[in-house]
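Below is one structure; the comments refer to it alone.
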Amino acid sequence: MTVPDPSEPPTRVAHVIRHAHAGNRSAWRGDDRVRPLSAKGRAQADAIADALARSGISEIWSSPYLRCLQTAEPLATGCGLTVVPDPRLAEGSDGAAALDALLARADAGHTVAVSSHGDVIPAMVAEAVRRGATLHGSAEPRKAARYELTITAGRVTEIHHVDRPEI
């Protein structure tokens, strides 16, 4: 067994998930904030939960939009946690602010998973790369794709794209 070197800063992993399939935005009638996942999206959310259930996640945050909350709920159930809505993850929000919040919780010893949108997540990834992270894979996640961020000493060092589950 490898013993951690106490002089080295601890490393954490954060999981950043784009919401699962929610149908066509233009076909939805009503407030887009309450557009739900489709049947395909619910199956994708379940597959994401299965993939991450044993990842040591201690907090789950989500955009307050219904499709993001529904993407995070199976993971929260599997981890015995509650999804915390966070407006910093809402569509149109600042990716740098969301990234800084995630880094602060990682520095406090938490493994966080977040569910957000196709504009916020690329902004988070771009900001982490601008600050020196190495991106492995696509910078533009498809619905239900995710990233694993390696965080050391308050900064993202590696970002690994994980493609969406094929349902």
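The values are calculated or read from the model by the stated rules, or taken from the named source; none is laboratory data. This is a predicted model, so every value here is computed, not measured. Here Cβ is always computed from backbone atoms with ideal geometry, including for glycine, and neighbour counts include all displayed protein chains. Surface areas here come from the heavy atoms of the whole protein model, side chains and all, with no ligands, DNA or RNA. Shrake-Rupley method; radii C 1.70, N 1.55, O 1.52, S 1.80 Å.
Brief remarks follow.
- Number of the condition not met by Pro141 [criteria: (1) open to solvent by less than 30 Å² (accessible area, probe 1.4 Å); (2) in contact with a Leu (Cβ under 9 Å, 6 or more places away or on another chain); (3) farther than 19 Å from Cys79 by Cα; (4) not aliphatic (A, V, I, L, M)]: (2)
- Of the residues in segment 107-129, at least one is among the β-branched types (Val, Ile, Thr), within 14 Å of Ala14 (Cα to Cα) and either in a helix (DSSP H, G or I) or modelled with pLDDT under 95 (or both).
- Residue satisfying condition, being among the charged types (D, E, K, R), under 26 Å from Thr150 (Cβ atoms) and at pLDDT 80 or above, within set Arg54, Arg35, Arg42: Arg54
- All told, Leu149 falls short of being buried (at least 22 other Cβ atoms within 10 Å of the Cβ), of a type in the set (A, V, I, L, M), within 12 Å of the chain's Cα centre (by Cα) and assigned to a helix (DSSP H, G or I).
- Residue that is surrounded by the most Cβ atoms within 10 Å (Cβ to Cβ) [pool: residues in segment 152-167 that are of a type in the set (A, V, I, L, M, F, W, C) and assigned to a loop (DSSP other than H, G, I, E, B)]: Ile167
- Checked against the criterion of being under 15 Å from Arg18 (Cα atoms), open to solvent by 10 Å² or more (accessible area, probe 1.4 Å) and in contact (Cβ under 8 Å) with a residue 24 or more places away in the chain, the candidates Ala113, Ala123, Ala98 yield just one match: Ala123.
- The residue that is modelled with the highest pLDDT, counting only those in segment 1-28 that are of a type in the set (D, E, K, R) and over 25 Å from Ile121 (Cα atoms), is Glu8.
- Qualifying positions in segment 51-82 - open to solvent by 30 Å² or more (accessible area, probe 1.4 Å) and outside any loop (DSSP other than H, G, I, E, B): Ala51, Glu59, Leu66, Leu69, Gln70, Glu73, Pro74, Thr77, Gly78, Cys79
- Filter result for Glu91 (touching a residue at least 24 places away in the same chain (Cβ under 8 Å), in a loop (DSSP other than H, G, I, E, B) and either open to solvent by less than 70 Å² (accessible area, probe 1.4 Å) or more than 18 Å from Ser116 (Cα to Cα) (or both)): yes
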